[in-house]
Amino acid sequence: MEMAIAFQSPLKPSLSLFRKNPNPKQNPSSLNLTKEILGRGFSSSPMAKFPCNFTPRSTFSRRPSIKCSVSASTDTVTGKKSQLLTRRDVRNIAIVAHVDHGKTTLVDAMLRQAKVFRANQFVQERIMDSNDLERERGITILSKNTSIFYKDTKINIIDTPGHSDFGGEVERVLNMVEGVLLVVDSVEGPMPQTRFVLKKALEFGHAVVVVVNKIDRPSARPDYVVNSTFELFIELNATDEQCDFQAIYASAIKGKAGLSPDNLADDLGPLFEAITRCIPEPSIDKDGALQMLVTNVEYEDHKGRIAIGRLHAGELRRGMEVKVCTSDESEACRFARVSELFVFENFYRVPVETVEAGDICAVCGIADILIGETIADKVSGKALPSIKVEEPTVKMSFSINTSPFVGREGKYVTSRNLRDRLYRELERNLAMKVEDGETADTFIVSGRGTLHITILIENMRREGYEFMVGPPKVINKRVDDKLLEPFETATVEVPEEYMGPVVELLGKRRGQMFDMQGLGSEGTSLIKYKIPTRGLLGLRNAILTASRGTAVLNTVFDTYGPWAGDISTRDQGSLVAFEDGTTTSYALTSSQERGQMFVSPGVDVYKGQIVGIHQRPGDLSLNVCKKKAATNVRSNKETTVVLDTPLSYSLDDCIEYIQEDELVEVTPQSIRMCKNPKLSKKSKSSS
């Protein structure tokens with residue numbers, strides 16, 4: 001097997017040169033020289049081939065720093081209190097990337113080539129996306145564990161979401177691993193979420209193996225992508241050792257990888273070799289007191305709550321009595337007993353009697369276990385530092401369904417049902433917050449973005465809940481009497497012919513362009529904006545309309561900045577039904593002249609329901625249930641009624657559409673929009 005490469009010696013001058021000048025813009029000559037050195041350093045020539053190994057060092061958190069050398073670390077590292085050893089037979093890695101860069105497809109290929117499945121077994125695509133919503137939307141929402149065996153090494157793999165709204169899933173699983181596979185598209189290069197996940201991995205001190213995926217695309221530009229990734233490492237203040245990352249070129253869909261873009265092996269052998277050589281072995285305190293940080297929680301009807309995490313020290317046995325505690329000293333510890341113990345082998349959980357430190361395992365029997373708690377030794381165990389994730393940026397109000405159609409479809413309609421379900425979500429969704437609202441039947445749910453909360457809404461409606469949600473609002477901060485709001489980095493991939501309308505849209509929403517570049521030979525441009533989170537609400541549909549459905553918008557939280565001013569996110573009003581009834585073709589014929597309709601004939605509507613988009617600003621009340629008068633005047637020919645196809649809005653579309661005085665009614669089978677009766681009463685009384 002060909003040995004993995006590292007970019008070491010050619011890059012050392014560039015690193016030291018870059019770090020001497022913290023502001024490269026003030027010294028253009030040094031920056032140009034740096035780029036020239038970088039360009040040479042990342043060539044595929046034989047000069048670039050150097051042995052690669054990461055030698056762990058002892059730290060309190062047992063997360064190794066990275067050094068490249070061929071031989072694995074054979075020394076035992078002596079800590080102050082006890083001796084730390086390394087387990088050479090285990091590697092713990094997380095696969096992180098921007099959305100649609102091929103993480104889950106790569107895991108599929110790794111599972112197949114590790115002979116996880118029988119030769120005649122039918123295996124569907126995106127095996128790890130087992131959730132119904134994940135399959136429908138084509139995205140990963142929840143982090144999942146699996147493992148494979150390569151030669152004599154067990155590789156624990158955690159597949160993580162790529163969308164920025166689910167960044168909390170990535171942040172908490174990084175506690176379980178010593179290294180990450182950073183998957184980057186061979187055309188797009190580093191994207192906003194690539195920056196986010198890489199920043200978190202570097203903060204943990206993890207080793208990084210960069211996988212340049214989709215190398216078989218016609219417009220692939222591997223040299224540019226590797227150089228851009230290296231510049232991102234520098235920008236995120238990576239150490240010299242972390243910057244000496246290993247680059248592997250792969251086509252996940254074909255199951256091939258190689259050390260150069262022009263010479264791929266017939267399988268993923270070079271990738272497995274890079275993992276075993278460049279990801280450090282876990283450093284463990286084998287004889288120390290038991291410590292396991294819970295980083296994920298699952299539930300099964302027969303087993304109850306299952307805690308998943310990595311064993312940091314000691315040994316865990318089935319039937320063992322343990323202590324459950326948190327890093328918060330004010331909270332008392334409690335005692336429990338481990339009823340069942342599992343490790344991850346291939347695609348399944350396998351029952352075992354004991355688990356040694358360094359491995360990832362699943363524990364049953366602790367009914368009230370929560371993410372962030374520590375399973376420790378009953379006598380002398382101490383809590384590990386709890387998991388911290390970034391704060392939410394968007395909030396939405398959830399309230400009970402008050403429409404005339406309440407209870408027609410759902411099983412859970414009361415405020416108690418709603419409260420229990422929302423607070424239950426907090427047990428496994430660390431990046432989300434729930435607070436009581438102004439009234440007893442209203443709750444404020446905060447998340448990383450509208451998609452983060454929308455996924456919760458979709459899951460709840462499938463479980464049989466009925467409720468109403470208000471429009472998303474950003475969470476502002478006040479620092480030194482200055483109002484600050486969240487800003488995000490928006491990246492838009494758009495064909496050049498639609499560039500004008502898209503740029504105009506982003507400009508109206510207070511976006512500031514800071515980068516623009518062409519994407520290979522595909523006639524597509526990549527533009528990057530810094531834009532207030534408020535400006536992104538409702539932007540996705542507007543951009544798709546302006547670009548005839550060809551633009552791709554990606555966003556990631558950047559920072560809090562000064563209030564950017566007023567932003568108008570919708571220029572048109574709503575068409576509102578002013579009585580209860582069933583829609584008729586006769587009424588809709590005249591109504592569609594006022595705008596675009598959401599309803600077709602024969603649909604039950606109620607007073608205050610939004611039935612269409614007005615073609616002008618301001619709302620307009622319509623009678624969409626009007627019937628043709630039955631008279632004794634006969635006509636020679638019945639007039640033919642031609643109705644436009646009604647707009648079909650998904651849950652995401654409805655949440656983007658509604659304004660301050662509007663609500664989305666969510667039921668298991670229907671999604672409707674309506675005017676908020678409380679706000680309409682206030683406006684009438686004030687007028």
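The values are calculated or read from the model by the stated rules, or taken from the named source; none is laboratory data. Everything quoted here is computed from the prediction, not taken from an experiment. Cβ coordinates were reconstructed from backbone atoms using ideal geometry, including for glycine residues, and neighbour counts include every protein chain displayed. What goes into the accessible areas is simple: the full protein's heavy atoms, side chains included, and nothing from ligands, DNA or RNA. Shrake-Rupley method; radii C 1.70, N 1.55, O 1.52, S 1.80 Å.
Laid out as a table, the results:
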| read-out | value |
| --- | --- |
| LEU484 long-range amide H proximity, modeled H, under 5 Å | LYS477, ARG478, VAL479 |
| Dipole magnitude (debye, nearest 20) for region 425-578, charges at Cβ of Lys, Arg, Asp, Glu | 220 debye |
| Potential lengthening between LYS286 and ASP262 on full extension [0.36 nm per residue; Cα-Cα distance subtracted] | 4.2 nm |
| 3J(HN,Hα) from dihedral phi, region 641-656, Karplus parametrisation 6.51/-1.76/1.60, rounded to Hz, x for glycine, proline | 9, 10, 9, 6, 5, x, 5, 10, 9, 7, 4, 4, 5, 5, 5, 5 |
| FRET efficiency, 1/(1 + (r/R0)^6) with R0 25 Å, evaluated for PHE514 and LEU426 via beta carbons | 0.10 |
| Area accessible to solvent at THR550, 1.4 Å probe radius, in Å² | 60 Å² |
| Percent RCO, i.e. relative contact order, over region 303-369, from Cα pairs under 8 Å lying at least 6 residues apart | 46 percent |
| Accessible surface, 1.4 Å probe, highest first, among residues LEU290, LEU483 | LEU483, LEU290 |
| Exposure ranking of ASP653, ASP571 by accessible area [1.4 Å probe, largest first] | ASP571, ASP653 |
| For region 298-312, Karplus couplings with θ = phi - 60° (6.51, -1.76, 1.60), whole Hz, Gly/Pro x | 10, 9, 10, 4, 8, 9, x, 7, 10, 8, 10, x, 9, 7, 7 |
| Nonlocal amide H pairs with GLU345, under 5 Å, H built at 1.01 Å | VAL350 |
| Karplus-derived 3J(HN,Hα), 6.51/-1.76/1.60, for each residue of region 160-167, Hz, glycine and proline x | 10, x, x, 7, 4, 5, 9, x |
| Amide H contacts under 5 Å for ASP267, placed H, 5+ residues apart | ALA257 |
| Gain in span if fully extended, SER650 to GLU353, counting 0.36 nm per residue against the direct Cα distance | 102.1 nm |
| Residue-span extension gain [GLU231 to ARG419] - 0.36 nm each, minus C-alpha spacing | 63.0 nm |
| Peptides ranked, highest mean first, by Cβ atoms within 10 Å: ranges 258-267, 163-172 | 163-172, 258-267 |
